[in-house]
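The values are calculated or read from the model by the stated rules, or taken from the named source; none is laboratory data. The structure displayed is predicted, hence computed values, not measured ones. For neighbour counting, all protein chains shown are included, and Cβ atoms are generated from backbone atoms with ideal geometry for every residue, glycine included. Side chains included, ligands, DNA and RNA excluded: accessible areas come from the protein's heavy atoms. Shrake-Rupley method; radii C 1.70, N 1.55, O 1.52, S 1.80 Å.
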Amino acid sequence: MSDKNVHNAGFTSSGIARGSLASSMMSQEARSSGGGVHSGGPTSTLQEMGARGSTHSTGFTSSGIFGGSQAAHMMSQEARSHGGGTPRGGTTSTVQSISMGGKGGRR
């Protein structure tokens, strides 16, 4: 299910789909960072998953983050760098939201 959600958001094997949630995220992220999308950020992480066609190998699943996975490690690092919690709109929460069929904390 999470693979389909990532694809439906516009993160595909042929790139980010025009007019999709993915393109909106990419535009917003680029504007807020002065013109580029950072490696390891929400857009690049989700596009990497979309290009591979799989989210499960990273540990982002439709039922949550899988313990001991790359996703769990990412969440732990992000929480430590933010004083104990993962911020709304951060990489971990955005990727997990999209994986579960949400809008990634974007309005």
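In the chain, what percent of the accessible surface is made up of carbon and sulfur (1.4 Å probe, ligands and nucleic acids excluded)? Can you show the working numbers first?
Working: 3020 of 5800 Å².
Carbon plus sulfur share of accessible area: 52 percent.
Which of the helices in the chain meet the span-like rule: DSSP H, Cα axial reach of 24 Å or more, Kyte-Doolittle mean at least -0.5?
none
Which order do peptides 93-100, 53-60, 33-40 fall in by mean Cβ count within 10 Å, highest first?
Taking the mean over residues of other Cβ atoms within 10 Å, the ranking is 93-100, 53-60, 33-40.
Whole number in Å², please: accessible area per residue of the chain, 1.4 Å probe, ligands, DNA and RNA not counted. Could you put the intermediate results ahead of the total?
Details: 5800 Å² over 107 residues.
Per-residue value: 54 Å².
Write out the trypsin sites (Lys or Arg not before Pro) in the stretch 1-96 meeting two conditions: DSSP loop, and at most 15 other Cβ atoms within 10 Å of their Cβ.
On the way: sites: LYS4, ARG18, ARG31, ARG52, ARG80, ARG88; in loops: ARG18, ARG88.
Hits after loop and neighbour filter: ARG18, ARG88.
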